[in-house]
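Trainee: My structure is below; once you've seen it, I'll send some questions.
The values are calculated or read from the model by the stated rules, or taken from the named source; none is laboratory data. All values derive from a computational prediction rather than experimental measurement. Remember, those area values only see protein heavy atoms, side chains included, never the ligands or the DNA or RNA. Shrake-Rupley method; radii C 1.70, N 1.55, O 1.52, S 1.80 Å.
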Amino acid sequence: MSAPEELSYAHGASTTPLLGDTIGANLDRAVAAWPDREALVDVPAGRRWTYAEFGADVDRLAGSLLGSGVRKGDRVGIWAVNRAEWVLVQYATARVGAVMVNVNPAYRAHELAYVLNQSGVSLLFASLTHKASDYRAMVEQVRGECPGLRETVYFGDPSWDAFLTRTPGGLRPEPLSCDEPVNIQYTSGTTGFPKGATLSHHNILNNGYFVGETIGYGEQDRICIPVPFYHCFGMVMGNLAATSHGACMVIPAPSFDPAATLRAVQEERCTSLYGVPTMFIAELNLPDFAAHDLSTLRTGIMAGSPCPAEVMKRVVAEMNMAEVSICYGMTETSPVSTQTRRDDDLERRTGTVGRVLPHVEVKVVDPASGLTVERGRAGELCTRGYGVMLGYWDEPEKTAEAIDPGRWMHTGDLAVMRDDGCVQIVGRIKDMIIRGGENVYPREIEEFLHGHAKIADVQVVGVPDERYGEEVLACVIPRDPADPPTPEEIKAFCRDRLAHYKIPRRVEILAEFPMTVSGKVRKIELRERYAGN
């Protein structure tokens, strides 16, 4: 008998134990250990907190929550862009055992009403306005549809100041277990209403901690967080990674602004910078990029969508981020399952999403049979461990569709596990293009086209075709809008280097991609936009 092929399974064995704390107890440890170190800097507001000051303000807000009638298990919504108060609400709700419900700042009135009602939010914290959004007007619009919402408090408004004057009247937070829910995050589904991924203290505190451990965080680190707090990238990989290591959270702007981000890195001497690839592309393409002093950077995280190899090379070489890490995950897994290591070479950082995190299991399965495939074969990536959500809020049937009886979370992502244990994401099962019976993975074509001199960014999608079923469409953002690549140039670039069925037959030139607030490209919108053309 020949030796069996090694299966696509990996377990993150570790001698570093999981944390058994609640988020509030873990913050107490940080305050005791580093009272005089800076914990939080809100750059646009010009405000800063030491750990002692931050802990005191969290306790004050927690007392106000108790004084307003919030109890363990109550849902408290937050509908706001990045600012210091967002972080205070995150830790104060955790302190009293409330469940913080993150509401996407891009939501409009009907989406807001759905989330408030589905989760049962009784108290809502909100921004007043941001760009074209008037949050107070939208709350008033839906108030009659949300009978459970008893109060809304607005940041930067007298209602916030008044809220902080409420006293707990001798009440103290109830005893908490780290396995209790602390956060609900609504996933942006492509069809139907979003689902509320329910996460525990144990889920997100440990994920933030081990993400920070993997890139070597300590109390000397200062993390620039331009990604939204409403998403796990900001509040878990950013905030919880920081406070579990005594590092400093730096808010560069209310929402992503490439120039403000680089100014904050320079002025606050940040050692780490976060972003999705499109954010790093925007920063690198600033006309005065070279004028910024980024010498204090050593690390950071790229996540949210695959990182083009050429972008990673520039981030390492031009932004001083020699230890930059790629993270892969999803909201339902708190979020990170795999991550590149500090000593990984450029090939691992650009060609993979790293290896399994400590205390996590991953496997790649045949989507049809559910059986684990051999290494080197594509299949659906599944993950199991402390990070898997408690479930979708009040939706047991949808939870059962995502988490199988073995507690494996099915990600919907197509992946390959290599012989070295590193994982390559080759696309979404739903994104895979089937052209004339051939499986086409958009990621492979996107990586290749990033090497074209006229292309700044590219997204590849499948669109309906009478002859082949689907055809390959490349949506391109040109480096020079006045001189975009033509379909003929792109085909010539691909010829003899890509199989004929992978070569884009259609090209659309765009100024920008449709994006989610968390920075992911909405490929479904691109498909819908060009399906009938």
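Trainee: Specify the inter-centroid distance of region 476-533 and region 385-464, based on alpha-carbon positions, in whole Å.
Mentor: Their Cα centres are 19 Å away from one another.
Trainee: Next question. For helix 201-214, what angle does its Cα long axis make with the longest principal axis of the chain, in degrees from 0 to 90 and rounded to 10?
Mentor: 60 degrees
Trainee: With the full set of protein chains in place, find how many percent of the accessible area of the chain is carbon and sulfur; take the probe as 1.4 Å.
Mentor: 51 percent
Trainee: Counting heavy atoms of the protein chains only and a 1.4 Å probe, report the per residue accessible area for the chain as a whole number of Å².
Mentor: In whole numbers, the chain has 39 Å² accessible per residue.
Trainee: Over 26 Å between C-alpha atoms is what I'm after, so list which of K363/K398; K131/K398; K195/K313; K430/K520 land there.
Mentor: Pairs exceeding the cut-off: K131/K398; K195/K313.
Trainee: Explain nothing, just the number: relative contact order of the chain, from Cα pairs under 8 Å at least 6 residues apart, as a whole percent.
Mentor: 13 percent
Trainee: What angle do you read, to the nearest 10 degrees and between 0 and 90, between the alpha-carbon axis of helix 23-33 and the longest principal axis of the chain?
Mentor: 80 degrees
Trainee: Compute the separation of the alpha-carbon centres of region 150-222 and region 347-380 and state it in Å as a whole number.
Mentor: 30 Å
Trainee: Just round it to a whole percent: the fraction of Cα-Cα distances in the chain exceeding 40 Å.
Mentor: Percent of Cα pairs beyond 40 Å in the chain: 22.
Trainee: Here's something else I'd like to know. Could you tell me what percent of the DSSP beta bridges with both partners in the chain are antiparallel, to the nearest 5?
Mentor: For the chain, the DSSP antiparallel bridge percentage is about 60.
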